[in-house]
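Peer 1: Pasting a structure here, questions to come.
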Amino acid sequence: MAKVVIASKLLALISNTISNDQGASFRQALETIIPKMDDAYRGHDDPFRSHLGASLIGKKCKRELAYGFKWTKIPSFESRILRLFNRGHLEEARFIAMLIAAGIDVWYETEDGGQFRVIDIEGHFGSALDGIVRGVPDMPLVPMYAEFKTHNDKSFKSLVNNGVEKGKNQHFVQTQMCMYSYKLEYALYMAVNKNDDTLYAEIIKYDPKIAEWYLKSAREIIYNDTLPERISESPGWYECKFCDFRVNCHSLVIPEINCRTCSHSKPLDTGGASWKCKLFKEPIDKTRQMKGCLSHLINPALLSGTIAVSGSIPNNTVTIEYKGKQVEYGYDLIPLMELINET
Ligand code: SF4
Ligand code: SF4
């Protein structure tokens with residue numbers, strides 16, 4: 001594990017800047033930055049991401065990531081969680097504003113006003129970038145990828161005591177993937193404690209071995225029809241308890257009907273995050289993927305606890321075995337629903 005390098009000069013500079021003018025330059029910078037945070041006030045919501053997120057690839061359970069990439073379930077969050085996400089977007093503006101007020105160079109949008117993005121694995125893997133900075137007093141000449149995060153009190157304390165790699169490994173991996181993508185040797189990781197607004201700043205060095213390992217893992221999740229192993233066979237395991245796909249993973253339920261859950265869909269390695277329908281032998285764009293069609297055939301890997309016994313191409317059906325019983329299903333899901341009800 002690499003040594004933790006705190007950006008202490010940067011933290012002191014921010015503190016002095018804000019105290020010296022009682023926050024005036026910080027607030028003025030906020031006036032410019034807040035309107036740029038589109039994610040904080042967008043009026044629509046896209047239930048499914050096209051790509052596998054670089055911000056998630058460091059999660060411990062790869063199976064959870066595969067469920068998400070295969071659009072197994074429409075995400076639905078309670079109000080508190082949605083406000084929590086929104087706070088994260090708004091806090092990004094505050095980080096950028098405090099850096100600008102402190103005289104740091106910050107690039108947070110492309111020339112046409114869009115977000116910097118990480119794109120890899122033929123477009124199937126990526127993330128938006130918080131920003132790129134230069135002039136951090138701890139390493140003044142070095143450009144760095146910048147990542148901004150909010151933490152609750154417990155998580156923030158763990159970060160302070162252990163550093164990002166040990167205290168919040170998922171964020172550490174995310175910074176590695178973004179450094180890899182932008183060919184940057186260092187990242188500035190900044191965090192705020194939502195309990196009392198204490199700041200944390202660490203400089204993270206790029207480690208190509210970590211980035212390559214996670215890219216390989218992402219490639220496997222994207223291109224495999226099957227799912228990775230569970231991290232636990234018990235739905236009561238503490239990490240499973242908080243997983244959005246707990247029900248899909250630990251019991252037999254019917255997934256969402258769309259092209260990503262269909263046996264006939266296939267991500268292509270030709271670029272542009274493209275997908276193909278193997279049945280109709282044609283490309284399927286995102287709008288069509290979300291609709292699916294009447295030839296939909298659930299990927300049996302998404303039917304937890306079942307074993308695929310055989311498939312019939314002319315009938316467009318699959319026969320599965322579950323708890324000693326066999327059923328054949330196709331677009332008609334009644335046999336599957338009866339099986340779920342009986343067992
Ligand atoms: S329920 Fe547990 S094993 Fe299953 S995907 Fe979620 S975290 Fe992984
Ligand atoms: S058969 Fe229909 S649902 Fe399945 S991948 Fe093709 S278009 Fe999508």
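FYI, it's all coordinate maths here, none of it is from the lab. Fair warning: this is a prediction, and the values are worked out from it, not measured in the lab. Cβ coordinates were reconstructed from backbone atoms using ideal geometry, including for glycine residues, and neighbour counts include every protein chain displayed.
Peer 1: At a threshold of 8 angstrom on Cα-Cα distance, excluding pairs fewer than six apart, so keeping six or more, what relative contact order does the stretch 58-160 reach in percent?
Peer 2: In percent, rounded to a whole number, it is 18.
Peer 1: Select from the stretch 209-258 those GluC sites (Glu not before Pro) which occupy a DSSP coil region and have at most 16 other Cβ atoms within 10 Å, ordered by residue number.
Peer 2: Glu229, Glu233
Peer 1: Let me ask another. List the relative contact order of the chain as a percent without decimals, with contacts defined as Cα pairs under 8 Å and 6+ residues apart.
Peer 2: 16 percent
Peer 1: For the stretch 41-90 and the stretch 274-318, compute the distance between their C-alpha centroids and round to whole Å.
Peer 2: Using only Cα atoms to place each centre, the spacing works out to 24 Å.
Peer 1: Specify which residue in the list Ser8, Gln170, Met144 is farthest towards the positive end of the charge dipole of the stretch 5-220, using unit charges on the beta carbon of Lys, Arg (+1) and Asp, Glu (-1), about the Cα centre.
Peer 2: Ranked along the dipole, the leading option is Gln170.
Peer 1: Using only alpha carbons, build the gyration tensor for the stretch 78-134 and give me the equivalent ellipsoid semi-axes, biggest first, whole Å.
Peer 2: The three semi-axes for the stretch 78-134 are 22, 21, 8 Å.
Peer 1: Among the aspartates and glutamates, which have Cα under 14 Å from the Cα of Lys194 when same-chain residues fewer than 8 positions away are ignored?
Peer 2: Of all the aspartates and glutamates, those that pass the test against Lys194 - Cα under 14 Å, at least 8 places apart if same chain - are Glu91, Glu92, Asp153.
Peer 1: Follow-up. Cut-off under 18 Å on the C-alpha distance; same-chain residues fewer than 8 positions from Lys291 excluded. Which lysines are left, in chain and number order?
Peer 2: Once the sequence-local lysines are set aside, what remains near Lys291 is Lys70, Lys73, Lys266, Lys276, Lys278, Lys281.
Peer 1: Taking the dipole about the Cα centre of the stretch 5-220, with the C-beta of Lys and Arg at +1 and of Asp and Glu at -1, give me whichever of Leu90, Gly103, Ile34 is farthest to the positive side.
Peer 2: Going by the charge dipole, the pick is Leu90.
Peer 1: Moving on to the next point. Under a Cβ-Cβ cut-off of 10 Å, what is the net charge of the residues other than Cys277 that fall near it, where Lys and Arg count +1 and Asp and Glu count -1?
Peer 2: +4
Peer 1: Sticking with this one: With a cut-off of 8 Å between alpha carbons and a minimum separation of six or more residues, what is the relative contact order of the stretch 262-326 in percent?
Peer 2: 22 percent
Peer 1: Separate question: Could you tell me the ratio Rg/Rh of the stretch 103-245? Both radii from Cα atoms, Rh via Kirkwood.
Peer 2: With Rh from the inverse mean 1/r over Cα pairs, Rg/Rh is 1.00.
Peer 1: I need the Kirkwood Rh of the chain: take the reciprocal of the average 1/r across all distinct C-alpha pairs and report it in angstrom.
Peer 2: 22.2 Å
Peer 1: Using +1 on the beta carbon of Lys and Arg, -1 on that of Asp and Glu, and nothing else charged, what's the dipole of the chain about the Cα centre, debye to 20?
Peer 2: 520 debye
Peer 1: Another one. Give the order of Val142, Val327 when sorted by the count of other beta carbons within 10 angstrom, beginning with the fewest.
Peer 2: The most exposed by this proxy come first: Val142, Val327.
Peer 1: Find the all-direction average of the projected area of the Cα convex hull for the stretch 22-118, expressing the result in square nanometres with one decimal place.
Peer 2: Value for the stretch 22-118: 8.4 nm².
Peer 1: Further question on the same structure: Lys and Arg at +1, Asp and Glu at -1: add these up for the other residues within a Cβ distance under 15 Å of Asp112 and post the number.
Peer 2: -1
Peer 1: Can you list the HN-Hα couplings for the stretch 62-67, worked out from phi with the Karplus curve (6.51, -1.76, 1.60; θ = phi - 60°), rounded to whole Hz and with x for Gly and Pro?
Peer 2: 6, 4, 4, 5, 5, 4
Peer 1: Using a 7 Å offset from the Cα along the Cα-to-Cβ direction at both Leu294 and Thr32, what is the distance between the two label points in nm, to one decimal?
Peer 2: 5.8 nm
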